[in-house]
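The values are calculated or read from the model by the stated rules, or taken from the named source; none is laboratory data. Nothing here was measured: the structure is a model prediction, and the numbers come from that model. Cβ coordinates were reconstructed from backbone atoms using ideal geometry, including for glycine residues, and neighbour counts include every protein chain displayed.
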Amino acid sequence: MSVVLSPVEMTHRLNTQRRVMDWLHWWRLEEWQRSPFLQVLEDGKGAALAVPIGCSPLSQGQCGTGQAWLRWCALANGASAGRTLRQLLERLRTHLVLFGVRELWALTLTSDWLHPYVADLGFRLSEHIITFARGNAALSEAQSPAQVSPLMLSLDLDALVEVDATAFNPPWQLGYADLRRLLRTATLGYVALVDCRIVGYVCALRERYDEAHIVRLAVAPNWQRRGIGRALLTAAMRALAERGVTYISLNTMASNAAAQRLYSQLGFVRERRRGFVWCLRLDEDR
Ligand SMILES: CC(C)(COP(=O)(O)OP(=O)(O)OC[C@H]1O[C@@H](n2cnc3c(N)ncnc32)[C@H](O)[C@@H]1OP(=O)(O)O)[C@@H](O)C(=O)NCCC(=O)NCCS
C-alpha cells in the first residue's frame, strides 16, 4: 500500500537526505512551509525554496523585488539530479515570474553537490566570493568621525535598511525582514552614528565557541573612505576577542577591492576556498 505524504512531510523527509543545499541565512526551513516559494514535487523526489529579496515567510510574496536567491534545495536519495532539478526549476520559474522576479541567484562551492549542475540548468557565472580569516590578535581602537555604538534591537530599522540598500547593489541588499532576523540572530553588532543618524553597521555571528564570522559590514556611500568601516570592524573584533573568539572570518566579492584592502590592512589573510555566484535570467528563452 502506498502512503501519501503531505508536502510538509515530504519536505521534512527530504531535509535529511544526502543532497541538501542549505543557505537559509537566518531563517528555519519550517518557517517557509506555507510560502509559495517552497516548491515540492508530487512524487517526493525533490523540493526547492527560492526567496525574493526582502521577503519573509509571512509576506506571501508581497515584497516586490526583481531578484530571488535559491536558499534551499534537496533531492531524495536515488533521484536523478539533472531531471529533478530541471523540474524544480520549472516550478520555481512559474511562481517567481508570477511575483515579478526576473533573476534567480545561487551560490555554490566546488564541494557542493549542486555545483556541477548549475551551468547546465542555464545559470551564468556572475562573480566569485572569497574568504578572509584572521586570528584575533590585539587591535588598537580606530579613529573615525562617527560614534560607534552597540547595535540595539530597538534601533531605527528603516535607517539601517537604507544604509544597506545604498551600500550594496542587488542582489546583495538585505530587505527589512532579513535585517530584522539578522539583528535578532547576531552575536553582536555595532552602528556608526553621525549626528544621531546611522551611517554604517557591522554584524557578527559566533559559529563555534572560539570562531566567529563577520556577516555584514556596510557604510553609506556619502560616509565612505573616512575610517568608519575600519572603526566598525575593529570594534566588532575587539568585542569578539573579549568573548573568547580567537578566529574571525569574513567574505567579500572578488571584485570588491575596497573591502579587500580594508581586510588586509587589519591583518586578514585570504583563504583558498572560493564561492561561485550564479544568475539565471527567468525571462530569457530556454
Ligand atoms: C568596504 C567598506 C565597508 C569600507 O568602509 P569605509 O568606511 O569606506 O572604509 P575606511 O574609510 O575605514 O577605509 C579603510 C581602508 O579600506 C580601504 N578602502 C576603503 N575604501 C576604499 C576604496 N574605495 N578604494 C580602495 N580602498 C579602499 C583602504 O585601504 C582604507 O584605508 P586608507 O583610507 O588608509 O587607504 C565600504 O566601502 C562599504 O560599505 N562598501 C559597500 C559594502 C561592502 O562592500 N561591504 C563589505 C564587503 S561585503
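A compact table of results
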item	result
Scope region 255-274; condition within 11 Å of the ligand (Cβ to nearest atom) and small (Gly, Ala, Ser); matching residues	Ser255, Ala257, Ala258, Ala259, Ser264
Strands (runs of 3 or more DSSP E) completely within region 95-202 that count 3 or more residues being aliphatic (A, V, I, L, M)	103-109, 124-135, 188-194
Residues (within 15 Å of the ligand (Cβ to nearest atom) and either of a type in the set (Asp, Glu) or under 20 Å from Ala212 (Cα atoms) (or both)) located in region 243-254	Ile248, Ser249, Leu250, Asn251, Thr252, Met253
Residue check for Leu240: within 11 Å of the ligand (Cβ to nearest atom), closer than 29 Å to Cys196 by Cα, among the hydrophobic types (A, V, I, L, M, F, W, C) and crowded, with 17+ Cβ neighbours inside 10 Å	no
Selection status of Ser255, in the same structural domain as Asn136 (by TED's automatic domain parsing) and part of a helix (DSSP H, G or I)	no
Lone unmet requirement of (1) out of contact with any strand residue (DSSP E or B) (no Cβ under 8 Å at 6 or more places or on another chain); (2) assigned by TED's automatic domain parsing to the domain that holds Thr246; (3) more than 26 Å from Glu284 (Cβ to Cβ) for Leu183	(1)
Positions within region 195-225 being away from the ligand (no atom under 12 Å from the Cβ), more than 22 Å from Leu24 (Cβ to Cβ) and of a type in the set (A, V, I, L, M, F, W, C), in sequence order	Cys196, Ile198
Within region 1-57, tally of residues that are within 25 Å of Ala186 (Cα to Cα) and either part of a helix (DSSP H, G or I) or touching a Ser or Thr at 6+ places or on another chain (Cβ under 6 Å) (or both)	9
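Residues are listed down the side, and each one gets a yes or a no for (1) within 18 Å of Ala81 (Cα to Cα); (2) buried (at least 17 other Cβ atoms within 10 Å of the Cβ); (3) among the small types (Gly, Ala, Ser):
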residue: Asn15; (1), (2), (3): yes, no, no
residue: Arg18; (1), (2), (3): yes, no, no
residue: Pro36; (1), (2), (3): no, no, no
residue: Gly44; (1), (2), (3): yes, yes, yes
residue: Ala47; (1), (2), (3): yes, yes, yes
residue: Ala50; (1), (2), (3): yes, yes, yes
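Table: residues versus (1) within 21 Å of Leu174 (Cα to Cα); (2) modelled with pLDDT of 95 or more; (3) assigned by TED's automatic domain parsing to the domain that holds Trp27.
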{"site": "Thr65", "(1), (2), (3)": "yes, no, yes"}
{"site": "Arg71", "(1), (2), (3)": "yes, yes, yes"}
{"site": "Asn77", "(1), (2), (3)": "no, yes, yes"}
{"site": "Ser80", "(1), (2), (3)": "no, yes, yes"}
{"site": "Leu96", "(1), (2), (3)": "yes, no, yes"}
{"site": "Thr110", "(1), (2), (3)": "no, no, yes"}
{"site": "Val118", "(1), (2), (3)": "no, yes, yes"}
